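Everything on this sheet refers to the single structure shown next.
The values are calculated or read from the model by the stated rules, or taken from the named source; none is laboratory data. Computed from a prediction, not measured in an experiment: that's the story for all the values here. A quick note on method: Cβ atoms are made from the backbone with ideal geometry, for glycine too, and the neighbour counts reach across all protein chains shown. All accessible areas refer to the heavy atoms of the entire protein, side chains included, with ligands and DNA or RNA removed. Shrake-Rupley method; radii C 1.70, N 1.55, O 1.52, S 1.80 Å.
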Amino acid sequence: MKGYWHFPALAAAAAICAVYSQQYWIIFSFIFWLFYLFHYELLGKWTIIISLAALIFFSFYIPSLNKGIATEHSLPSETSRYIGQITGPVTITDDKVEFVFSEKHSHHDILVLYFPDDNEESIRKNPKGANLKSGAECQLTGLAELPEESRNPGQFDYRRYLETRGIAYQLMVDSLADIQCSGSGFLNRFYMLRESLLLHVEETLSDFTASWLSGIVFGDDSMIDKDTEEVFQRWSLSHIIAISGSNIGLIVALFYFLLLKLNILTREKAEWVVIAVLPVYALLAGGEPSVWRAAIMIIFLIFLNKSRFRFSYTDILSIVFLLLILFDKHIVYHIGFQLSFLVTFAILLSRKWINQTSSPFWQVLQISFVSQMAIIPVQFAYFSIFQPLSIILNLLIVPYFTLLAIPFMYILLPLTFLPHPIVSLLDGLFAHVHRIVISFIEYIDETLFFPLLMDGLPSAAATLYFVLFFLFMMNLQRKKLYRSIQAGTLMCLLIAGIAARPYFSSSGVVTMLDIGQGDAFVIELPYRKGVLLIDAGAGFSFDNMEATETIYDQILKPYLYSRGIRNIDALFLTHEDLDHTGSVPSIIDEMHVEKIIVSHHFDEALLDEFSGNEKKVDVRRVGQGDTILIGGHQFHVIAPETDLLSANENSLVLYSPLGGKDWLFTGDIGQKAERELMRNYPDMTVDILKVAHHGSNTSTDQSFLDAVNPSTALISVAENNSYGHPGSEVLDRLREKGITILRTDRYGAVQYFYDQDDGTFFTFLP
C-alpha cells in the first residue's frame, strides 16, 4: 500500500460527499473508477480491497444530517435535571456562559447556555463561575430546546450547524445556581493557560495588535473587527487568519533554531521536544482541525524519520485524514477540516511545479494560487460568493502575512513579557504597517468588488471542476502549456456558465422572505430582466429604537447572494415603518440599487436619508394610475389616491400579473384604503393577495375579500409575535372563502416559481 494510501482516503471522501449531498451516484462512480484502474492493471488488488472497504465503512460511519439527533417531541417540555460532564473549553464572558455537556444517560452532547440579567454581577467574578471547568462533573437544571433553524433559503442554519458538531440540542439555564459542578479534567489546565495568555496579550498590547496576535497565534478571532473579517471572507483571505500548516511549520522552525543553533539540545532530543510541544500548541490554538492536521503530520514525519519506514507526504496526509475522521466522525462537516485537507492535498499534487523555482517568494505565490483554485467550489457552497480578482489580491497579500506578519506575531508573543517600552515600540511598529495593509485591502474592496454569486455548484459540476483542476495542474507540471490553458479555460467557462444560468432561464420567482414581523418580497423576472424588492424591513434595538442590521446580514443578503443578485432594478417602499424600510440603508450601501419608488406621501426626511447615501440612488414618487415598466414587465400603482393621513393607510399598493396569476401587494393598508380601492376598481379580482398589515384585524374586511376574491393569501408575520397577528377574525374570513393561507410564521419563506403562464408555490419549511 506504500504510495497508494490516497485511494482509501479518496474512498472516504467519496463516502462523505455522498452522505452529505444524498447523491449516491458518487459512490457508484468511485467503484466504477476503481475497477477501471484494476482492469488496466493500474492498481493492485489490495489497494482495491482496502479502498472498497473504506468506501463501505465510511458510507455507514459518517452521520447523515437529514436524520436529526433530537426532535421537539423527544425533548422534555419543562425544566429538568441533567447529570454529566463538561467536555471541551468553557466560554465565559460578561454576556454569557457557554459549554458543551455530555449527558450521562443518553450520551448526547448538549450545548448549555446561560445569559445573565443586566443588573447581575460579572460572571467572571462570581464564585460559582470558577467551578465551571473542562472535565467537571455537573448537575444542571434547565429547559431543553432545539436551536433555531433556517427559515429562508441561504440563511445560516444554526440547528444544522450544531448537528454537524454532534450536539443534539441546547439547554437554557436560568441561574448559575442551577449549575453545580466539581472537579476538572486533564485538558482544563491547557484551556486555562490559553485563557491566561489571551488575557495577558489583551492587557499588554493595544487592542488592534492584540486582536491580530490572538487570531494568528491562538485562533481566537473574536477581537478582530467584524467588518475586516467580512472583507477577508469576501476576498477569500480568511485562511490567512486561520491557523494552518504554515503556522505549525514556523513553530517547528523556531524551536529547531533555538534548540539546535544555540546548542541547547541535540537534534534527537529537539525532535522529542517538538513532538511534546505540538499537541500542547494545538490545544492552545483552539484545537481546530487544520491545527491538528498539521501537527499530527509533522509528528508522523519525525517518527518515520526515526524508523526504517518511508512514506510519501501524500500517504501521511491520507493516513492523518482517516485517523482524524475515526477519532471524530463529525469533524468531516467542519469547514476548517475540509479546507485544510483540500488545500494541502492540492499543494502536494502541485509540489513538482512549485519546486521548479528556488525562489521562496515565487513559491509562496504559487502555493497561494493553488490554494485559491482548490477551494472555489467550497467557497461557493458556504458563502455563495467568489471574487475572481481575489486570486490576484492573494498573490499580493499572502506573502506579506506569510513572510512578515505571522512570524512577527510569534516572535512578539514571548517579547510581551519584556519591559513595557520595548513592547510598546514593537506594538506601534506592527500596528502602523498592518493598518496600511488593511486599508489597502479595504480600498480594493470598495473599488474592485465584482464577485460571482451563486448558491454552490451542483455535485456533478463540482466533480467536473476538480477533474479539470487536476488536468490543469498536471499539464502545468509537465510544461504542456497549451493543454493546461485548455483545462483552465474550461474551468472558467464552467463557473461562468453556472453563474450566468438565471440570464438564460425562462423561469421567474416571487419570494416572500420570513423576516419576522415585517415585509420583504423579492421578485426575479425571467431571463433576469429585472430584480425588484417590495419592502425591506428590519428589527429594531430596544435601547435606541433604531433599526438593526441583523435581518439584512442574516436573511436578505444571504438570500440575494444565493440567487446571484447584487443589482436591484427597483426597490418599492410601501410606507415608512421600520418593519418595511429598516434594511434599506444596508441594501443601498452594499448593493447597486437603480431606483427607489415611493408614494407621494412618503416621509421626506427619511427619503432624504436614503437618497443622501454615498451611493446616489434615483428616487421616483408615484401615485394612483402610474405604471412602472421594468424589464418589459408592468407594475401598476393603484393606491394611494389621496392623503389618508396615516402612514399605513397611505401604503403603496401594487397590482401586477406574474406567472399567469394576478398579484396584489397591499403594504399595511387598513379598511379605509380598502374601501377606496373597491370604489376606484370595482371589477378588480386577483389570484394572489398579500394580506395587509401582517393579518391585523384592521385590514382584510369581508367586503374587500368578496370583491377581490383571491385564491391564495400570503401573510408575512413573526412567529409568536406580541401583536396577536394574524387576527383570528381575518383567518376565519379567509378559511370561510376557501382561500389557501401561506404564512411565514408557519412555513418560513414562501416562493412562487413560474414559467410563462404557470407556476407553483413552495414553502421553505414543511
- request: Enter the angle in degrees (range 0 to 90, nearest 10) between the Cα long axis of helix 459-477 and the first principal axis of the Cα atoms of the chain, meaning the one along which they spread out most.
  value: 40 degrees
- prompt: In the chain, with Lys and Arg counted as +1 and Asp and Glu as -1 at Cβ, which of these residues, Val370, Phe99, Pro289, has the Cα nearest the positive end of the dipole, that is, farthest along it?
  reply: Val370
- prompt: In terms of solvent-accessible area of protein heavy atoms at a 1.4 angstrom probe, what is the ranking of Trp663, Trp5, Trp362, highest value first?
  reply: Trp362, Trp5, Trp663
- prompt: Hey, what number do you get for the chain at 222 nm if only DSSP H runs of n ≥ 4 count, each worth -39500 (n - 2.57), divided across all residues, to the nearest 500?
  reply: -14000 deg cm²/dmol
Cα-based helix-to-principal-axis angle, 406-415 vs the chain, degrees rounded to 10: 70 degrees
query: Which order do Tyr36, Tyr681, Tyr723 take by accessible area at a 1.4 Å probe, largest first?
result: Tyr723, Tyr36, Tyr681
message: Could you tell me which residue out of Met491, Pro419, Gly456 lies farthest along the dipole of the range 393-502 toward its positive end? Charges go on the beta carbon: Lys and Arg +1, Asp and Glu -1, centred on the Cα centre.
response: Met491
Restricting the range 166-225 to GluC sites (Glu not before Pro) in coil, as DSSP defines it, with at most 13 other Cβ within 10 Å: none
field: Selection from Asn567, Ala12, Ile741 lying farthest towards where the dipole of the chain points positive, charges on Cβ
entry: Ala12
Label-point separation in nm, Ile422 to Leu403, each point 7 Å along Cα→Cβ: 2.7 nm
Burial ranking of peptide ranges 95-107, 262-274, 290-302 (average Cβ count within 10 Å, highest at the top): 290-302, 95-107, 262-274
query: Among the DSSP beta bridges whose two residues both lie in the chain, what percent are antiparallel, rounded to the nearest 5?
result: 70 percent
- prompt: Cys17 accessible area, nearest 10 Å², 1.4 Å probe?
  reply: 70 Å²
task: Treat every Asp and Glu Cβ in the range 378-529 as -1 and every Lys and Arg Cβ as +1, leave all other atoms uncharged, and give the resulting dipole magnitude about the Cα centre to the nearest 20 debye.
output: 920 debye
Mean separation of Cα contacts under 8 Å (6+ apart) over length of the range 1-97, as relative contact order %: 32 percent
task: Using a 1.4 angstrom probe, figure out how much accessible area the chain has per residue, in square angstrom, rounded to the nearest whole.
output: 47 Å²
3J(HN,Hα) from dihedral phi, the range 99-114, Karplus parametrisation 6.51/-1.76/1.60, rounded to Hz, x for glycine, proline: 7, 9, 10, 8, 6, 5, 7, 8, 6, 7, 8, 10, 8, 9, 10, 9
- request: Give me the distance between the Cα centres of the range 556-608 and the range 230-279, rounded to whole Å.
  value: 48 Å
- line: Two pseudo-spin positions, 7 Å from Cα along C-beta at Asp662 and at Leu448, lie apart in nanometres by 5.3 nm
- line: Distance in Å, no decimals, from the C-alpha centre of the range 1-64 to the one of the range 628-651 is 60 Å
task: List the relative contact order of the range 296-450 as a percent without decimals, with contacts defined as Cα pairs under 8 Å and 6+ residues apart.
output: 15 percent
Beta bridge orientation in the range 473-622: antiparallel %, DSSP, nearest 5: 45 percent
statement: To the nearest 20 debye, the chain has a Cα-centred charge dipole, built from +1 on Lys and Arg Cβ and -1 on Asp and Glu Cβ, of 5200 debye
field: Helix 6-21 axis, angle to the chain major axis (alpha carbon atoms, nearest 10°)
entry: 20 degrees
- request: Just report the Cα centroid separation between the range 372-406 and the range 652-718, whole Å.
  value: 49 Å
- line: Once all protein chains are kept in place, Leu162 shows an accessible area at probe 1.4 Å, nearest 10 Å², of 10 Å²
task: Take the Cβ-Cβ distance between Asp683 and Ser541 as r, set R0 to 51 Å, and report the resulting FRET efficiency rounded to the nearest 0.05.
output: 0.65
statement: Among GluC sites (Glu not before Pro) in the range 541-594, those in a DSSP loop whose Cβ has at most 13 other Cβ atoms within 10 Å are Glu546
Per residue Cα convex hull volume in Å³ - calculated over the range 679-766: 105 Å³
task: Calculate, for Phe440 and Ala53, the FRET efficiency according to 1/(1 + (r/R0)^6) with r their C-beta to C-beta distance and R0 56 Å; round to the nearest 0.05.
output: 0.65
task: With 21 Å as the limit, write out which pairs from Lys226/Lys557; Lys2/Lys479; Lys269/Lys352; Lys45/Lys480 have Cα-Cα distances beyond it, or answer none.
output: Lys2/Lys479; Lys269/Lys352; Lys45/Lys480
message: Below 8 Å between Cα atoms, with a sequence gap of 6+, how large is the relative contact order for the range 472-536 in percent?
response: 22 percent
